[in-house]
Amino acid sequence: RTGAAHHMSRFASILLLQLAAGFLYLAASSNALLREMRRQAGISQADPLINAPPLVTFTTIALGGFRGILADVLWLRAARLQEEGQYFELVQLADWITKLEPRFTSVWSYHAWNLAYNISVLFAASEDRWRWVSSGVRLLRDEGLAYNPGEPRLLYELGWLFQHKIGANLDQAHLYYKQAWAAEMAQLFDGPRPDYGALMMAATNSPDAGRYRRLKEDYKLDPALMREVEAQYGPLDWRLPQAHAIYWAWRSRLIATDFDALSADRMIFQNLSDAFRQGSLFTGPDGKEFIPSPNPDLLPRVRDAYEDAIRRNPGQDTVKTAYRNFLGEAVVMLLSYNRNEEARELFDELAKTYPGEDTAQGFGPFVMNTYAASLKDLTDRNAQAVVEGSLYQAMLWQALGDPARAAGYDRLARLAWDTYMAPRKDSAEWAERTGLPPLAELRAIARQRVSETVGGLR
């Protein structure tokens, strides 16, 4: 009897295993039908994966819906590794999760953030840091968006890497990132922007055809879309990160709704504001210098972007506050570049649209108080704009035959430079990350600007 019972138990186990295998096969077989039903119902993000890596294809077909359970288990493990600071292990784990759930957009953002922020700062050398930052960019651009082409949040996250990680100055190696990116762009076009017409009309065997393909295939930049962005927000210097943040935010806004649309609007006017402060690249007569510089000509486009965001988001008072702050900053910058009439007109509009105690005192006191306050707590971008503007005035009045006034503006530039740099003199790291270029280099920029304006300046 014992032998018979054992035999029956073994037979039952085999039968159950066969039934389980059959059910798994049926579940996997029906996965394609379920995907098609989801697609027809409009609840699938994209069509089934095309040209996906073998592992992605295998897990999609073989595991079906069960791969989500495995991804959840790995996600819990990832959270624990994050708490423990085990960032390198997270790289492999996140890669597995993306292979299991390539349409799980959060893991793409999480993985890219880990590469660009957590892992990059573990290295001392700037080139090593850049390798990980650029890996984060490529992950979102080349893989995440390939699987999720209609996901506005991933487009925004890609723009954020350009705005914050490459464009801001919070990382010790931020200037290296900017130079490395500009060097990559310089391989695709000469000067601040491509010749869009030549690129789009390039014949297959023309010299521009290779650049066109690299622009589209390697960097996922569509020249036709770049030209649209340029027409709406330019002139932009595509060697600098602000232009790319605007490009990806603009693409996000085309398909975004609600909070994602507001986020895209913010990214656009924030980066245009930053391009107003540092959106012109000075490379020197030999092309070997790298000094991002103000671009006052962007003012109308920055204003349009703010006003468009206010119209699109009428209940967002923070956008209006940001716009008011920018207008006050722009008044001082215009004045420093001898664009006095524009500065006064802008102040009059500021006082009318956003009145306050600071504007009630009139144009002169507003400028002086804003300038004096700014010297105490300037960002590096605003500080450079103030110094460059003063040097521009000095060079201009020198060229116009008023050496006394020129000397006054030169002293003002040195005062602003010294005031800003003084707190940084005892911290090499702080000075490197947020410091200003030497006065001699800023004078060279001012000299070039004035020479372009009045001609013949030596």
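The values are calculated or read from the model by the stated rules, or taken from the named source; none is laboratory data. Since the model is a prediction, treat every value here as computed from it, not as a measurement. Don't worry about glycine lacking a Cβ; one is built from the backbone with ideal geometry, like all the others, and counts go over all protein chains shown. Surface areas here come from the heavy atoms of the whole protein model, side chains and all, with no ligands, DNA or RNA. Shrake-Rupley method; radii C 1.70, N 1.55, O 1.52, S 1.80 Å.
Observations on the structure shown:
- Scanning the stretch 225-283 for residues that are in a helix (DSSP H, G or I) and of a type in the set (Phe, Trp, Tyr) returns Tyr233, Tyr247, Trp248, Trp250, Phe259, Phe269, Phe276.
- Scanning the stretch 146-165 for residues that are touching a helix residue (DSSP H, G or I) at 6+ places or on another chain (Cβ under 7 Å), open to solvent by 20 Å² or more (accessible area, probe 1.4 Å), part of a helix (DSSP H, G or I) and farther than 18 Å from Pro241 by Cα gives a single hit, Arg153.
- Among the residues of the stretch 87-140, the one identified as closer than 17 Å to Gly167 by Cα, aliphatic (A, V, I, L, M) and more than 16 Å from the chain's Cα centre (by Cα) is Val121.
- Residue, nearest to Glu151 (Cα to Cα), within the stretch 77-128, restricted to residues that are in contact (Cβ under 8 Å) with a residue 40 or more places away in the chain and not in a helix (DSSP H, G or I): Arg103
- Taken over the stretch 357-368, the residue count meeting the criterion of being assigned to a loop (DSSP other than H, G, I, E, B) and surrounded by 12 or more Cβ atoms within 10 Å (Cβ to Cβ) is 1.
- Residue in the stretch 225-262 that is farthest from Pro296 (Cα to Cα), counting only those that are buried (at least 19 other Cβ atoms within 10 Å of the Cβ) and of a type in the set (S, T, N, Q): Ser252
- Test: residue in the stretch 233-243 that is in contact with a Phe, Trp or Tyr (Cβ under 6 Å, 6 or more places away or on another chain) and under 16 Å from Leu155 (Cβ atoms): yes
- Annotation: Ala180 fulfils all but one of (1) over 15 Å from Asn271 (Cβ atoms); (2) open to solvent by less than 10 Å² (accessible area, probe 1.4 Å); (3) not in a loop (DSSP other than H, G, I, E, B); the unmet one is (2).
- Any chance Leu272 is within 15 Å of Gly234 (Cβ to Cβ) and in contact with a Pro (Cβ under 8 Å, 6 or more places away or on another chain): no
- One residue stands out among those in the stretch 289-335 that are part of a loop (DSSP other than H, G, I, E, B) and surrounded by fewer than 21 Cβ atoms within 10 Å (Cβ to Cβ): the one that is modelled with the lowest pLDDT, which is Glu289.
- The residue list Ser390, Ser451 contains one member that is under 16 Å from Asn338 (Cβ atoms), surrounded by fewer than 16 Cβ atoms within 10 Å (Cβ to Cβ) and either small (Gly, Ala, Ser) or free of Cβ contacts under 8 Å to residues at least 12 places away in the same chain (or both), which is Ser451.
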